[in-house]
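The values are calculated or read from the model by the stated rules, or taken from the named source; none is laboratory data. These numbers come from a predicted model, not from an experiment. Here Cβ is always computed from backbone atoms with ideal geometry, including for glycine, and neighbour counts include all displayed protein chains. Heads up: the accessible areas ignore ligands, DNA and RNA and are worked out on the full protein's heavy atoms, side chains in. Shrake-Rupley method; radii C 1.70, N 1.55, O 1.52, S 1.80 Å.
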Amino acid sequence: MNLRRDVFQAIADPTRRAILLLLASQSMTAGAIAANFDTARPTVSKHLQILTECELLEHEQQGREIYYHFNSKKLKEVDNWLKPFRANWDSRFAQLDTLLKNRKNKKS
């Protein structure tokens, strides 16, 4: 069975989110990534495969090593999906700020 994975499925897993955080600051090999987790290396490799399939990671061969790089552009899908929610939250926070300022002014 061949399932199509997407960015949302990839970031749903806490281990994969932790891998993305690790790679946000530097490129790393699979072994270096696996050293940060208390799971078997094949498990980390499966997470790397999923993240690569979803294009959140890119890999580059350097000699015998494969380095994984974070592809921040792919998270734009998540950002676009969140935009309507963010607008709603911003509006509600602005209303709360106004309410709190009015209450503070009435107490003064």
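Quick rundown of the values:
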quantity: Gained length - Ile11 relative to Ala35, 0.36 nm times residue gap less alpha-carbon distance; calculated: 6.6 nm
quantity: Spatially near lysine pairs across the chain, Cα under 23 Å, sequence gap of 8 or more or different chains; calculated: 4
quantity: Linear extension gain, Asn71 paired with Leu21, 0.36 nm per residue minus alpha-carbon span; calculated: 16.9 nm
quantity: The range 15-68, accessible area per residue, ligands and nucleic acids excluded (1.4 Å, Å²); calculated: 59
quantity: Option label - Rg and Dmax of the Cα atoms in Å computed here, alternatives (1) 22.2, 82; (2) 20.3, 70; (3) 14.5, 39; calculated: (2)
quantity: Length-normalised contact order of the chain in % [C-alpha pairs under 8 Å, at least 6 apart]; calculated: 26
quantity: Carbon/sulfur fraction of accessible area - the range 31-73, other protein chains in place, 1.4 Å, %; calculated: 46
quantity: Which of Asn105, Gln61, Thr29, positive extreme of dipole for the chain (C-beta unit charges); calculated: Asn105
